[in-house]
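The values are calculated or read from the model by the stated rules, or taken from the named source; none is laboratory data. As the structure is a computational prediction, the values presented were derived from the model and not from experiment. Note that we place each Cβ from the backbone using ideal geometry, even for glycine, and neighbour counts take in every protein chain shown.
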Amino acid sequence: MRLVAPGDSAPASVNKYLLPHESQVITVRRHPAVLMMPVGLVLGGLIVAAVLTNWVGAADRPMNWIWWGWLLLLGWFVWRVAEWSVDYFVITNQRMILTTGLITRKVGMMPLAKVTDMSFERSIMGRLLGYGSFVLESAGQEQALRTVDYLPYPEQLYLEVCEMIFPNKEDSDD
């Protein structure tokens, strides 16, 4: 998790979505566990391609198609990694922002003042690898940002966000 110092700026891919009067508080990338399925498919595809190459034998043409298929799978994997590298969950002093997509950019946001309920969930795999999901609710309205999956440090992030949403009344009286 990256807690941002006052003089620090957001990544360039996120900075353009921040309002001039907003101050960035937390910026995190999704947990690398989001890439587990693509890694498994690429490795599984490599094993299948090797077995099929061995099984087909010396026939030249089928082996080419097998390996071209695996290269397409590898290209898809590289695309998923590139997408992961530009996806951020940003919490400012006023809202939560989730940016996704490499070519088609999607930006979901929810004002902190509109959050009526927030919880986080952790599966067994999430507990083992250190990620979780946030579930956000806002006064019965349909929101662009409802669930944020694969967040690292979910407990720490949850406490930080709750402190921003529900500040200590005693501290604000000073």
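Points to keep in mind about this one:
- Residue match in the stretch 57-65 (condition: surrounded by fewer than 17 Cβ atoms within 10 Å (Cβ to Cβ) and touching an Asp or Glu at 6+ places or on another chain (Cβ under 8 Å)): no
- The set of residues in the stretch 134-155 being over 17 Å from Val90 (Cβ atoms) and not charged (D, E, K, R) consists of Val135, Ser138, Ala139, Gly140, Gln141.
- Selection status of Gly132, out of contact with any Cys (no Cβ under 8 Å at 6 or more places or on another chain), free of Cβ contacts under 8 Å to residues at least 60 places away in the same chain, within 30 Å of Gly40 (Cβ to Cβ) and outside any helix (DSSP H, G or I): yes
- Within the stretch 92-134, being under 25 Å from Ala82 (Cα atoms) and crowded, with 19+ Cβ neighbours inside 10 Å holds for Thr92, Met96, Ile97, Leu98, Thr99, Gly126, Tyr131, Gly132, Phe134.
- Checking every residue in the stretch 19-41 against the condition of being more than 30 Å from Val135 (Cβ to Cβ) and loosely packed, with under 14 Cβ neighbours inside 10 Å gives at least one match.
- Unique match (being out of contact with any Lys or Arg (no Cβ under 9 Å at 6 or more places or on another chain), modelled with pLDDT under 80 and either within 23 Å of Leu19 (Cα to Cα) or in the same structural domain as Tyr17 (by TED's automatic domain parsing) (or both)) among Glu142, Glu160, Glu121: Glu142
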